[in-house]
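What follows is a set of notes on a single structure, which appears directly below.
The values are calculated or read from the model by the stated rules, or taken from the named source; none is laboratory data. Note that the structure is predicted; figures quoted are calculated from it, not measured. Cβ sites come from the backbone with ideal geometry, for glycine too, and all protein chains shown count toward neighbours. Quick note on the areas: whole protein, heavy atoms, side chains included, nothing else; ligands and nucleic acids left out. Shrake-Rupley method; radii C 1.70, N 1.55, O 1.52, S 1.80 Å.
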Amino acid sequence: MAEKTEKQDLAWRAIGGLAGLVTAWAARKAIGFAWEKTTGKKPPVDNESLDISLGEAIGYAVVMGVGMQVAQIVVARTAKKRYNAWKAVRDTAKEVSA
């Protein structure tokens, strides 16, 4: 039984890791697009550059940090709910067939 749980945990880690990578990429693109539409400027690439104002650099860092974290939380919770639902259906099907 412990081996079965370890395989399920490994599957969840793989799914969670992949979901995290995709989410980070998509959130960065979406936040960058929203920043550009809102401010009319490209998102700052180098926050240490003196060509970018301190307020803009901090503002972008805050927006990006909050946006990325919110996206990660939403996707992780949704993925976990879906995985648990799939696992429950699969386990029920195994019990019925046994």
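If you line up the long axis of helix 2-39 against the longest principal axis of the chain, both from Cα atoms, how many degrees apart are they, to the nearest 10?
It works out to around 20 degrees.
Given a cut-off of under 8 Å on Cα pairs at least six residues apart, what relative contact order in percent is computed for the chain?
Reported as a whole number, the value is 35 percent.
Compute from the Cα atoms of the chain the Rg and the Dmax, the latter being the longest Cα-Cα distance, and quote both in angstrom.
In Å, with Rg to one decimal and Dmax whole: 20.1, 68.
Could you compute how fast segment 41-84 diffuses translationally, taking Rh as the Kirkwood radius over C-alpha pairs and applying Stokes-Einstein at 37 °C with viscosity 0.692 mPa s? Give it in µm² per second.
Answer from the Stokes-Einstein relation: 269 µm²/s.
Can you send over the carbon and sulfur percentage of the accessible area for segment 22-98, probe radius 1.4 Å, protein chains only?
With neighbouring chains kept in place, the figure for segment 22-98 is 65 percent.
Quick one: angle between helix 54-97 and the longest Cα principal axis of the chain, in degrees between 0 and 90, rounded to 10, please.
10 degrees
Write out the GluC sites (Glu not before Pro) in the chain meeting two conditions: DSSP loop, and at most 13 other Cβ atoms within 10 Å of their Cβ.
48
Would you mind computing, in nm to one decimal, how far apart the modelled labels at residue 96 and residue 51 are, each placed 7 Å from Cα along Cα→Cβ?
Modelled inter-label distance: 6.3 nm.
7 Å from Cα along Cα→Cβ at both residue 24 and residue 87: what's the point-to-point distance in nm?
In this crude spin-label approximation the distance works out to 2.4 nm.
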